[in-house]
Structures are given as C-alpha cells and as structure tokens.
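Q: The structure follows.
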Amino acid sequence: MGFLRIRTTVDERPGRLASLTAALAAKGGNILGLSVQPDTDGTVDEFVADIPASAESVREALEAAGGRRVQVVPATAHELTDEPTRVLLLAARLRAMPWRLPQVLGELLRADDARWVYGADLSSDLPDPTLLTVPVAPRRAVRLRRIGLPFTLTEAARAAALVRLAQPPAETTSAERPVLLSDGVEVQVRPLTTLYREAVRDLHDRCSPDSRRFRYFTAMPALPPRMFDRLCDRDRGHSLVAGHDGQVVALANLIFTPDPGIAEMAFLVEDRWQGRGLGGALARMLVQEACDLGFAEVRASLLSDNVRMRRLMQALGATLAYTEDPGVLEARIPVGAMVAVPHTTAAAGRG
C-alpha cells in the first residue's frame, strides 16, 4: 500500500463528491485527508489516500466517476499532519524569520522549488500551471514550481495572504479615497457607518424601481433598519459609500458568507451615476478588499436581465453560470488570479 495525493476538478452538482469517494473505496482506498477548493470552472477536490492501486488505475476510476484533469502523485506520511496547525506553525516561523519567505511558501504549497525572482524575470511568455509567481514588491516576487500538480487559484490566494505576514505594516492612510470617473467627475469613497443612515435612505428614494430590483431582486422602496445595521457590521462584511456634493450616490457591499474562503458582493448605484465607471471602481475596491482579507473567491448573484452588471462582472474576469432559478445568474471571481494585477484608484474609476 502507498500514500497518494489525488486532485480532480468536478462540476458543482449534488453527489459528485460521493461518486469520487465511492470510486476510491472500490480501489481499496482509505481517505486520510480531503480539501475542497473553488476554481474558475468547477471545484477542485484533493485527497490524500492510502491506496493499494496504481496511480493510473486511480486516475481512470476517478475520470469514470466524473472527475476532470485528474492528477495522482506520490505522497508521504508527513503530509498527514493537521493542516491548520501546519499553516499556523509556518506563519509563526515566517513572523520570526521573514527573510525565509521562499522556503516557507514552498512548504505551504509543497512546491518542488521556490526562489526569488526580480525585474524582467517576473514575466513569463508561456503560461505554465505548474509555476506560480507570488508578488512581494513591484519588482520582486517568489516563484514556485510544483511538478505534476498544477497550482489552483485558492493556493495562489493562500500564498498571497502569507506574504502579507512578511511585509512591514502599511502606512496609515485616510479612510477617504477619491475616484475619478470616465467623465472627469470626482467622487469620494468611504467606509459605510451608521452616520450615513439618512443619506442611504435618500439614495434609495432617488433610485428607480429597476435599480432597486437589480440590487435586492425586489423593488425595495427603503432599506430596512436591520439590514442597514448588518451592512455596517464589520464582523459581517465591509461596505463602501460613494459621495458627491453632499449626497451618497452609490452603495457597495462585500458580505462574508459561512464559507471562510468566499465573500459576496452587491451594488446599488443611483441611476444618473450609472455608466460612468463608478460601479467598476467600487467592484475593484471590493475585490482588493477581499484579497487583503484572504478570500479565495468573490461571488455575485444577478438577475439575468441586468445587462450592465453582467458586463461589469465579465470585465472583472468573472465566470457566469445560471443557478437553479433560470432568472438568476451567479458570477464567480477568483481573487487569487487578480492579486498581481496593478491598478490605481483613478484608473479603476475609468473601467
């Protein structure tokens, strides 16, 4: 018998995981570890199993059970350690010895090689899923290689989160951020607090029923006090308001979900401010916020007739899929893939 690390992509359908585990059991496998990672075109299931079958026969069995891009590589008993404990120990080591960042990242992702890269070496002409470049500074990064097991977007997000432990604290900046829109008008973006209760109520009053329906899936004439208080609760999410000339003209929400790796976002932009790049600027701010908080994916639910929102999600690189409700789409943005994308607040406002 031998230890194998097995990874496969599956469609998000009920019973898929059960089919995979049954296929491994039929090969005499004993599953000792399991992780589930969201990816752009499905879910990546990864198993560590003690199994007597050959790698090739395991791959064939999982493909027959609905798995895609199945990879099977040897594993060791050392990989059976408790994963949260292992990551915490690596984080503690990195805090004590930040100069060992490449080594720690290599251990985090079980890479075959990890080294610093600089300047021109940061770019690669040909994309290689077994290579992962983790930005550390504008012209410095750590490049990881793992033969036979491509990196996932979730792993990229984990690596980016660990890198932040090795970096010095960011300078204190103002909570207010200016955004220059496509027509040259500047708005100010600030965190949502209870001070904006009346201004948000006025925003809802000025929005058309369609704009409110696209945000709440119902033409909600006013935001209930309980919902407003939840949006202000920093333990439940992070929300932003955009203001101009004393009025709140847009509301953007990043909402935490029961899944620790996934956040949801939603927007309400006053009708006369739509189509000017404000929604795109707020969306990029929320995705960056999700990245800073260590999320692997941001999702958004939208009505199928919300053409403007569909275009915005596609511009952010989201994948769109219909839900069980034929009138509702789900957009999924892999945060890890956007970690290395540089942008300024003003540039984001022109999107």
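The values are calculated or read from the model by the stated rules, or taken from the named source; none is laboratory data. These numbers come from a predicted model, not from an experiment. Glycine gets a Cβ as well: all are built from the backbone with ideal geometry, and neighbour counts include every protein chain shown. Areas reflect the complete protein model, heavy atoms only, side chains present, ligands, DNA and RNA absent. Shrake-Rupley method; radii C 1.70, N 1.55, O 1.52, S 1.80 Å.
Q: Report the Cα centroid-to-centroid distance between region 1-63 and region 271-339 in angstrom, as an integer.
A: If we compute the Cα centre of each part, the gap is 31 Å.
Q: Right, another one. Say each of Ala175 and Ser19 gets a label point 7 Å from the Cα, pointing the same way as Cα to Cβ; how far apart are those two points in nm?
A: 5.0
Q: State, as an integer percentage, the relative contact order of the chain based on alpha-carbon contacts under 8 Å between residues 6 or more apart.
A: 13
Q: Something else about it: What stretch of the chain, leaving out the sites themselves, is the longest with no trypsin sites (Lys or Arg not before Pro) in a DSSP loop having at most 12 other Cβ atoms within 10 Å?
A: That gives 1-138 as the longest site-free run.
Q: Moving on. Mind running the shape call on region 181-304? Use the C-alpha gyration tensor, a ≥ b ≥ c as the square roots of the eigenvalues: rounded below 1.5 for a/c, prolate if a/b tops b/c, oblate otherwise.
A: rounded
Q: Given Cα pairs under 8 Å that are at least 6 residues apart, what percent is the relative contact order of region 23-102?
A: That works out to 23 percent.
Q: How long are the semi-axes of the ellipsoid equivalent to region 52-141, from square roots of 5 times the Cα gyration tensor eigenvalues, in whole Å, largest first?
A: In descending order, the three semi-axes are 31, 21, 10 Å.
Q: Tally up the carbon and sulfur contribution to the accessible surface of the chain as a whole percent, 1.4 Å probe, everything protein left in place.
A: It is 55 percent, rounded to a whole number.
Q: A follow-up question, please. Under 14 Å from the Cβ of Gln188, count the other residues' Cβ atoms, weight Lys and Arg +1, Asp and Glu -1, and hand me the total.
A: Charge balance in the 14 Å sphere: -1.
Q: Turning to a different aspect of this structure: Can you give the FRET efficiency to the nearest 0.05 for Glu79 and Ser182, using r as the Cβ-Cβ distance and R₀ = 56 Å?
A: 0.65
Q: Return one quarter of the surface area of the convex hull spanned by the alpha-carbon atoms of region 30-105, equal to its mean projected area, in nm².
A: 6.6
Q: Past the 19 angstrom mark, what percentage of all C-alpha to C-alpha distances in region 176-249 do you count?
A: Result for the distance tail: 41 percent.
Q: Leaving ligands, DNA and RNA out of it, work out the accessible area of Cys207 with a 1.4 Å probe and give it in Å² to the nearest 10.
A: 10
Q: Could you give the distance between the Cα centres of region 181-245 and region 138-155, to the whole Å?
A: After rounding, the separation between the Cα centres reads 38 Å.
Q: Could you compute the FRET efficiency for Glu63 and Asp305, with r as their C-beta to C-beta distance and R0 at 35 Å, rounded to 0.05?
A: After rounding to 0.05, the efficiency reads 0.35.
Q: Hey, rough spin-label estimate for Arg110 and Thr319, points 7 angstrom out along Cα→Cβ, what's it come to in nanometres?
A: 2.3
Q: Next question. Report, to the nearest 10°, how far helix 83-96 tilts away from the longest principal axis of the Cα atoms in the chain, using its own Cα long axis and a range of 0 to 90°.
A: 70
Q: For the chain, what is the accessible area per residue in Å² when the probe is 1.4 Å?
A: Computed with neighbouring chains in place, this is 50 Å² per residue.
Q: Only helical DSSP H runs with n ≥ 4 go in: add -39500 (n - 2.57) per run for the chain, normalise by residue count and round the 222 nm mean residue ellipticity to 500 deg cm²/dmol.
A: About -9500 deg cm²/dmol.
Q: To continue, here is another question. Please work out the ratio of the alpha-carbon Rg of region 256-335 to 2.2 N^0.38 Å and round it to two decimals.
A: Computed over Cα atoms of region 256-335, the ratio equals 1.07.
Q: Still on this structure, I have one more. Give, as a single signed number, the net charge of other residues whose beta carbon lies under 10 Å from the beta carbon of Ala296, with Lys and Arg counted +1 and Asp and Glu -1.
A: -3
Q: Here is a further query. Rounded to the nearest 0.05, what FRET efficiency do Ala96 and Ile31 have when you use their Cβ-Cβ distance and R0 = 41 Å?
A: The formula returns an efficiency of 0.75 here.
Q: If ligands, DNA and RNA are left out, what is the accessible area of Ser182 with a 1.4 Å probe, given in Å² to the nearest 10?
A: The accessible area comes out at roughly 70 Å².
Q: A further question follows. Return one quarter of the surface area of the convex hull spanned by the alpha-carbon atoms of the chain, equal to its mean projected area, in nm².
A: If you wrap the Cα atoms of the chain in a convex hull and average its projections, you get 19.5 nm².
Q: Next question. Determine the equivalent ellipsoid of region 1-157 by diagonalising the alpha-carbon gyration tensor, then write out the semi-axes as square roots of 5 times the eigenvalues, largest first, rounded to whole Å.
A: 30, 18, 14
Q: Once ligands and nucleic acids are excluded and a 1.4 Å probe is used, how much of His78 is accessible, expressed in Å² to the nearest 10?
A: Here the residue's solvent-accessible area equals roughly 140 Å².
Q: Of the candidates Met309, Met220, Met97, which one comes out as most mobile in a Gaussian network treatment of the chain with C-alpha springs shorter than 10 Å?
A: Met97
Q: Compute the relative contact order of region 269-342 as a whole-number percentage, counting only Cα pairs closer than 8 Å that sit 6 or more residues apart in sequence.
A: Relative contact order comes out at 32 percent.
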